[in-house]
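The values are calculated or read from the model by the stated rules, or taken from the named source; none is laboratory data. All values derive from a computational prediction rather than experimental measurement. Counting neighbours? That spans all protein chains shown, and the Cβs are built from the backbone with ideal geometry, glycine included. The area values use the complete protein model at the heavy-atom level, side chains included, leaving out ligands, DNA and RNA. Shrake-Rupley method; radii C 1.70, N 1.55, O 1.52, S 1.80 Å.
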Amino acid sequence: MTVALVSCIVITLASIWYIFAAPGELNMGAERTHAAYLCERRDAVYENLRDLNFEYRAGKIPAADYQSLKTLLQDEAATLLAEIGRLKVKAT
């Protein structure tokens, strides 16, 4: 009985240590800049525009909704491109 109890305690302690022990060193990856974030967001907006066009041509989106969504996405893309342009000018 005591061997089983000791085994359970050892397994429980080992499990708790395994779950909560911090790793030696964390790799956080490269630091993201604001320009990199804007470029990533721009790419996502372009992809959304392509998907929107596909859905409209497939007949899944009404014309009025298509126009409003397209305008919103194009405005966002223009804002992102302007901000990227400002950052590039500022960097040079």
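For the chain, the per residue solvent-accessible surface stands at 85 Å², with DNA, RNA and ligands left out and a 1.4 Å probe.
Within the range 1-51, the GluC sites (Glu not before Pro) that combine a DSSP coil assignment with at most 13 other C-beta atoms in a 10 angstrom radius are Glu25, Glu31.
Please work out the Cα center distance from the range 39-92 to the range 6-32, rounded to the nearest Å. What the calculation gives is 43 Å, centre to centre. Among the trypsin sites (Lys or Arg not before Pro) within the range 48-92, those in coil by DSSP and having at most 11 neighbouring Cβ atoms inside 10 Å are Lys60. This structure gives semi-axes √(5λ) of the Cα gyration tensor in Å, computed directly, and of (1) 31, 17, 10; (2) 53, 25, 8; (3) 26, 19, 17 that value is listed as (2).
In a simple Cβ point-charge model (Lys, Arg +1; Asp, Glu -1; nothing else charged), the chain has a dipole of about 220 debye relative to its Cα centre. Note on the chain: helix-only mean residue ellipticity at 222 nm, from DSSP H runs of 4+ residues weighted -39500 (n - 2.57) and normalised by residue number, equals -27500 deg cm²/dmol.
The share of accessible area on the chain that comes from carbon and sulfur is 63 percent, using a 1.4 angstrom probe. Which of the lysines could be linked to Lys70 by a straight reach, that is with a Cα gap under 27 Å, when you skip same-chain ones fewer than 8 residues away? The qualifying lysines are Lys60, Lys88. Each other residue within a Cβ distance under 14 Å of Leu87 adds +1 if Lys or Arg and -1 if Asp or Glu, for a net charge of +4. Mind checking the range 1-49 for trypsin sites (Lys or Arg not before Pro) that DSSP puts in a loop (not H, G, I, E or B) and that have at most 11 other Cβ atoms within 10 Å? Counting only loop positions with at most 11 other Cβ atoms within 10 Å, the trypsin sites (Lys or Arg not before Pro) in the range 1-49 are Arg32.
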